[in-house]
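A.B. asks: Mind having a look at this structure? Questions to follow.
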Amino acid sequence: MTITGANFGASQGSSTIQFNGTAAAPTGWSATSIVAPVPAGATTGNVVVTVGGTASNGVLFTVSTVAAKWPIKISANKRYFVDQIGTPWMMVGDSAHHIVNVVPILSWPTYFASRQALGFNTVNIFSCTHGNCPTTGATADGQLPFTGMITTPCNGTNRSDYDLATPNPLYWAELDSFVNMAASYGQVVLFDPLTTADYMNDMRASGSTKAFNFGAYLGSRYKNFPNIIWELGNDFQTWANTTPTCPGTVSDNTLVQQLMAGIASADTNHIQTIQLDYYRSYSNQDTTIVPYINADGVYTYYETYDYALKAYSSSPVSPVFLTEANMEGANNTNILSIGGVLTPANGLVLRRQMYWMMTSGAAGHVWGNTHVNHSDSMWQSQLNTPATLQVALLTTLFTKYQWWLLVPDQTHQVVTGGFGTANPNNENLYNANYATTAWIPNGSLSLTYVPSSPTTLTIAMSKFAGPTVTAQWYDPTNGTFTAVPGSFPNFGTQTFATPGNNSAGDPDWVLVLQ
């Protein structure tokens, strides 16, 4: 970038330039102009030039978060995501499934600005025809995804569906605009352009060849957009059925496989994954599609550590992430309750879901508020709920450490007692007490998410490398640490009791040992 001003001096000499406190190395300097590359690690903030010990006024400069580092790739050990220079990248996603179909383009910046400010780096969108989306799948201004229809007999009924051979360029141009705008706000798009929940009939009517060719169309169109991760499927309830739905066609899974194969034939730049069926699933379960996927998305309304660990232990190895679970303000299963009273998911439920995931081998998560996700009449008023603000507190905690080296303590080597009772078949997440632990096996760190209080954990201190261990309780509702007085030797066992309720009056905490 070029900085203009006055009194910089003819040469740099001992003068300095800083981007929000990070020093830069100028490549050109004159009395009125400085040329400098943005330094690695710089963050958005004031640029200040200091000459002869006198600092200039500050000018706000926005650092593009990771645009030059996209597309996102997979680490060498295939356990986490990395950017183009190999830096670990933790997915912090937000669900906005219906935004393109419901929200006018002029309102997209409101959404993006809020998510960028709150530390999200990913937005999950679908092209949809259900809920408050138009039944035609049109964008908010009326552009249809396809221009042609095809009529096919299916079980005695003539059905008219979209012909996948006729993509509407105007529709996909709006999707282009969304992806590009997302990039300008530092967001990767977890992109499902043809959901199985909405377009399965259209795929059946069009058949395998057209599904493949449409995938190739998508791959060719988006291969050079840097900020995409493909996510096919979505409520894919029929993926395991081997019998074709309509006589004379192929199975639904084969159609989706061909769509993904088509994308892969044209786009070798981006990760693909798939969301399978509710109420719980993970991508690697669909062995037919495994050759095309590079990330394992967990979709569950149960205690999330269960399928997180199943995905983590499945083959082939790939980064695990939470793609969808209970959303704030919703009670999809009509099971969430407090004292027998049906209660929509609140911040406690959302925290349990994402902290269980991140202490069970996950490399990221997608969060959701039901009003924002569906872009309903309340979406703007729900952008900054207290629960939404707490998402960044998880990121702050994990990125403080080498989170990508964490592995789940599946056999309770570190936390040997007080971890509660695993209840994988529990859908009422208000009634849960199972504590999950992730640790770095060299003994430098462990993080234990404790969902309920009072709880006393028993720790095997010999699992830690240093002669002494320090302990802190992290409050996931306000981001503060409470130190446990003293230091503890790395032998024998030690107990740690939760400090009562956290700042929100809830019972969950994170124990940090290092």
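Bear in mind these aren't lab numbers, they're just calculated from the coordinates by the rules spelled out. Since this is a predicted model, take the numbers as computed values, not measurements. Because the Cβ atoms are built from the backbone with ideal geometry, glycine has one as well, and the counts that use them run over all protein chains shown.
A.B. asks: Can you compute the charge dipole magnitude of the chain about its Cα centre, using +1 on each Lys and Arg Cβ and -1 on each Asp and Glu Cβ, nothing else charged? Give it in debye, rounded to the nearest 20.
C.D. replies: Roughly 1060 debye, rounded to the nearest 20.
A.B. asks: Let me know the shape class of the range 405-514, please: from the alpha-carbon gyration tensor, a ≥ b ≥ c as square roots of the eigenvalues, rounded when a/c is under 1.5, otherwise prolate if a/b is greater than b/c, or oblate.
C.D. replies: It comes out oblate by the Cα gyration axes.
A.B. asks: Of all the Cα-Cα pairs you can form in the range 120-217, what percent are over 18 Å apart? It would help to have the intermediate numbers written out before the result.
C.D. replies: Working: 2384 of 4753 pairs.
Roughly 50 percent, rounded to a whole number.
A.B. asks: Work out from phi, with θ = phi - 60° and the Karplus expression 6.51 cos²θ - 1.76 cosθ + 1.60, the ³J(HN,Hα) of each residue of the range 325-333, listed in order in whole Hz, and give x for Gly and Pro.
C.D. replies: These are the phi-based 3J(HN,Hα) values: 8, 4, 10, 3, x, 10, 9, 4, 8 Hz.
A.B. asks: Could you work out how far apart the two model spin labels at Ser265 and Ala465 are, taking each label as a point 7 Å from the Cα in the direction of the beta carbon, and quote it in nm?
C.D. replies: 4.9 nm
A.B. asks: Give the dimensionless ratio obtained when the Cα radius of gyration of the range 1-135 is divided by 2.2 N^0.38 Å.
C.D. replies: Taking N as the residue count of the range 1-135, the ratio is 1.46.
A.B. asks: Using modelled backbone amide H atoms (1.01 Å from N, in-plane), which distant-in-sequence or interchain residues come within less than 5 Å of Ile293's amide H?
C.D. replies: Result for Ile293 returns nothing.
A.B. asks: For a Förster distance of 56 Å, can you work out the FRET efficiency between the beta-carbons of Ser107 and Ala483, rounded to the nearest 0.05?
C.D. replies: Efficiency computed from Cβ-Cβ geometry: 0.80.
A.B. asks: Run the simple label-point estimate for Ala497 and Ser33 please: 7 Å along Cα→C-beta, distance reported in nm.
C.D. replies: Between Ala497 and Ser33, the simple spin-label model gives 6.9 nm.
A.B. asks: Give me the one-decimal nm value for the distance between modelled label points at Ser377 and Asn57, 7 Å along each residue's Cα-to-Cβ direction.
C.D. replies: Output for this residue pair reads 4.7 nm.
A.B. asks: Taking the Cα atoms of the chain, what is the range of coordinates along each of the three principal axes, in descending order and whole Å?
C.D. replies: 79, 66, 42
A.B. asks: Same structure, new question: With a 10 Å Cβ neighbour count serving as the proxy for reagent exposure, in which order, fewest first, do Trp108, Trp356 appear?
C.D. replies: Trp108, Trp356
A.B. asks: Round to a whole angstrom and tell me the spacing of the C-alpha centers of the range 115-191 and the range 75-104.
C.D. replies: Computed from Cα coordinates, the inter-centre distance equals 19 Å.
A.B. asks: Moving to a separate point now. Could you work out the helix-only [θ] at 222 nm for the chain, with each DSSP H run of four or more residues adding -39,500 (n - 2.57) and the total divided by the number of residues, to the nearest 500 deg cm²/dmol?
C.D. replies: Computed mean residue ellipticity for the chain: -6500 deg cm²/dmol.
A.B. asks: Sort His270, His371, His412 so that the residue with the fewest other Cβ atoms within 10 Å of its own Cβ comes first and the one with the most comes last.
C.D. replies: Fewest-to-most Cβ neighbours within 10 Å comes out as His412, His371, His270.
A.B. asks: For Thr396 and Thr43, calculate 0.36 nm times their separation in residues minus their Cα-Cα distance, and state this gained length in nm to one decimal.
C.D. replies: 125.6 nm
A.B. asks: Stretch Thr238-Thr87 to full length: gain in nm at 0.36 nm per residue minus the Cα-Cα span? Walk me through the numbers on the way to the answer.
C.D. replies: Values: separation 151, 0.36 × 151 = 54.36 nm, distance 3.74 nm.
That pair, Thr238 and Thr87, stretches by 50.6 nm at full extension.
A.B. asks: Would you be so kind as to identify which of Gln380, Ile228, Gly340 lies farthest towards the positive end of the dipole of the chain, taking Lys and Arg as +1 and Asp and Glu as -1 on Cβ and the Cα centre as origin?
C.D. replies: Ile228
A.B. asks: Here is a further query. In nm, what is the difference between 0.36 nm times the number of residues separating Gln410 and Ala422 and their Cα-Cα distance? If you can, show how the numbers build up before the last one.
C.D. replies: On the way: separation 12, 0.36 × 12 = 4.32 nm, distance 1.13 nm.
Value of the extension gain: 3.2 nm.
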